[in-house]
Every structure is written in C-alpha cells, then in structure tokens.
1. Which residues, taken from segment 69-82, are of a type outside the set (D, E, K, R) and open to solvent by less than 80 Å² (accessible area, probe 1.4 Å)?
2. Scan segment 77-91 and tell me whether some residue there is at positive phi, modelled with pLDDT of 95 or more and not small (Gly, Ala, Ser).
3. Within segment 12-21, can you find the residues that are in contact (Cβ under 8 Å) with a residue 60 or more places away in the chain and surrounded by fewer than 22 Cβ atoms within 10 Å (Cβ to Cβ)?
4. How about segment 200-223: which of its residues are at pLDDT below 90 and either within 17 Å of the chain's Cα centre (by Cα) or farther than 20 Å from LEU160 by Cβ (or both)?
Amino acid sequence: MRPYVIVNVAVSADGKLSTRERRQVKISGREDFDRVDEMKAGCDAIMVGIGTVLADDPSLTIKSADRIAWRVRTKKPEHPIRIVVDSQCRTPPGAKILHKGPGLRIIAVSQNAPADRIAALKEYADIIQAGHESVDLAALLERLSERGIRRLMVEGGGTLIWGLLSAGLVDELTMFIGNLIIGGKDAPTLADGSGYISESDFPTLKRISCTPMEEGVLIHWKVKNTTSSE
C-alpha cells in the first residue's frame with residue numbers, strides 16, 4: 001500500500017524547472033497559482049526534495065483562507081503534512097517549511113544521515129529513516145501510508161520526480177507549460193537523474209486533458225507504467 005501520488009510542476013516551453021543556477025523563475029501566474037492551491041487543499045501531504053528547499057525555501061502552506069476553513073470544517077489539519085526528502089538531512093533548521101503555518105512536518109532521511117543534523121531537526125519535524133545511502137522512496141511511501149496519508153502531492157524537484165517515476169510510484173502528472181524559454185543543458189528538468197536507455201522502460205502517459213491557461217497550457221496526464229496505489 002502507498003499513497004496516490006500526483007506530481008505537479010510548472011515548466012518553461014523547453015521543459016526547464018528553473019535556471020542552471022537553480023534560481024526560481026516565475027513560469028505561471030495567478031490563475032495557475034490558485035489551481036495549485038486548490039490541489040494542495042485536497043491532499044493529505046505535500047512532498048518536495050531537499051534541492052527545492054535549499055533553492056526556493058517554500059512554505060508549502062495553503063494560501064486561501066476559504067480553503068483552510070473548508071479543511072477545518074471537514075476535520076482536516078489547516079495545512080497538509082509537509083514532507084522533505086533529504087537523504088543527508090541538510091534541511092536548514094530555519095527553513096520556512098518547518099515554521100510557517102501550523103501542522104506536522106516530516107523529514108525523510110537515509111540511515112547514514114549525520115546524527116547531529118537529525119537531532120537538530122527533531123524539534124521541528126518527525127524524522128523517518130528509510131534506505132541506507134539515499135532515501136528508499138518505495139519504503140518511505142509505505143511508511144506514509146501507515147500514517148494515514150492517502151493522497152500525496154509532489155512539487156519537485158527533478159531529482160525527486162525522477163526517483164518516483166523510475167520506481168513506478170507516480171499516478172498522475174499535471175504540468176503547466178509556460179510561454180518562456182530558459183535554456184541551458186544544466187538547467188533542471190521535470191525528470192533529472194540517470195534517465196532510461198531502453199524504450200521498453202519509458203513510462204507512458206495517457207492524456208486526461210489539455211487546457212489553455214494564461215499564456216501557456218495545462219496538461220493533465222495519467223501515468224500508465226506505475227505500481228498500484230490500491
């Protein structure tokens with residue numbers, strides 16, 4: 001058993017998440033931000049990789065007061081559980097994700113993460129150790145399911161998304177494609193990592209919808225080559 005996993009990203013027209021310096025770029029606008037906020041409100045947890053935390057310092061909180069009120073009325077926490085996949089426990093103790101807004105935080109680390117760093121973060125987050133050198137994502141998702149997380153939203157970055165896709169752990173992908181080109185062979189993409197060699201290994205997608213939005217387009221895919229979350 002694992003949560004139902006939805007990856008949500010905004011990419012440039014050439015498929016980049018940010019610049020080669022990992023500097024955050026505004027790719028979409030207010031309409032897409034509101035769509036993402038609604039998605040967050042409907043999920044039990046939101047996950048990002050350590051690279052996203054270090055580059056963008058996100059809070060991953062819900063912004064709409066009405067959506068927060070809806071969650072409270074339906075007996076949910078104000079904000080989804082916020083999760084960082086951080087093999088070597090590099091999350092800064094002052095990161096926004098640990099302090100902004102009430103609610104549970106989880107830092108997923110490997111077995112060989114430095115003990116002093118783990119101790120420094122235990123004050124702010126629950127620590128889950130899974131995997132020896134790096135976080136075992138399949139094991140982590142099983143542990144999250146045991147905690148009652150049924151619907152998980154993933155917001156980046158490319159290394160984490162690649163790890164989930166290559167392990168068959170993604171069910172849906174929503175991507176806003178913006179009207180700008182970032183360029184750069186070293187700029188992060190939707191699925192960084194080692195990549196596939198054989199076409200038989202490529203995950204395939206079924207298009208659910210394709211909707212013009214702002215000056216770009218929103219594409220919603222179902223991932224076919226995935227392990228079951230049921």
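1. The answer is ALA69, VAL72, THR74, PRO77, HIS79, PRO80, ILE81.
2. yes
3. Result: SER12, ALA13, ASP14, GLY15, THR19, ARG20.
4. Across segment 200-223, the qualifying residue is only SER200.
Quick grid of which residues meet (1) crowded, with 20+ Cβ neighbours inside 10 Å; (2) part of a strand (DSSP E or B):
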{"site": "LEU173", "(1), (2)": "yes, yes"}
{"site": "LEU180", "(1), (2)": "no, no"}
{"site": "ALA187", "(1), (2)": "yes, no"}
{"site": "ARG207", "(1), (2)": "no, yes"}
{"site": "LYS222", "(1), (2)": "no, yes"}
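Residue by residue, here is whether (1) in contact with a helix residue (DSSP H, G or I) (Cβ under 9 Å, 6 or more places away or on another chain); (2) free of Cβ contacts under 8 Å to residues at least 60 places away in the same chain holds:
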residue: MET1; (1), (2): yes, no
residue: VAL7; (1), (2): yes, no
residue: ARG23; (1), (2): yes, yes
residue: CYS43; (1), (2): no, no
residue: VAL53; (1), (2): yes, yes
residue: ARG67; (1), (2): yes, yes
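Quick grid of which residues meet (1) outside any loop (DSSP other than H, G, I, E, B); (2) in contact with a helix residue (DSSP H, G or I) (Cβ under 8 Å, 6 or more places away or on another chain):
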position: ALA120; (1), (2): yes, no
position: HIS132; (1), (2): no, no
position: LEU144; (1), (2): yes, no
position: MET153; (1), (2): yes, yes
position: LEU164; (1), (2): yes, yes
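Conditions (1) small (Gly, Ala, Ser); (2) under 18 Å from GLY158 (Cα atoms); (3) open to solvent by less than 50 Å² (accessible area, probe 1.4 Å), marked per residue:
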residue: CYS43; (1), (2), (3): no, no, yes
residue: ILE46; (1), (2), (3): no, yes, yes
residue: THR52; (1), (2), (3): no, yes, yes
residue: ILE62; (1), (2), (3): no, no, yes
residue: ARG67; (1), (2), (3): no, no, yes
residue: ASP86; (1), (2), (3): no, yes, yes
residue: SER110; (1), (2), (3): yes, no, yes
residue: ARG117; (1), (2), (3): no, no, no
residue: ASP126; (1), (2), (3): no, no, no
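The values are calculated or read from the model by the stated rules, or taken from the named source; none is laboratory data. It should be emphasised that the depicted structure is a prediction, and the values quoted were computed from it without experimental measurement. Positions of Cβ are generated from backbone atoms using ideal geometry, with glycine treated the same way; all protein chains shown enter the neighbour counts. Just so you know, the surface numbers come from the protein's heavy atoms only, side chains and all, with ligands and any DNA or RNA stripped out. Shrake-Rupley method; radii C 1.70, N 1.55, O 1.52, S 1.80 Å.
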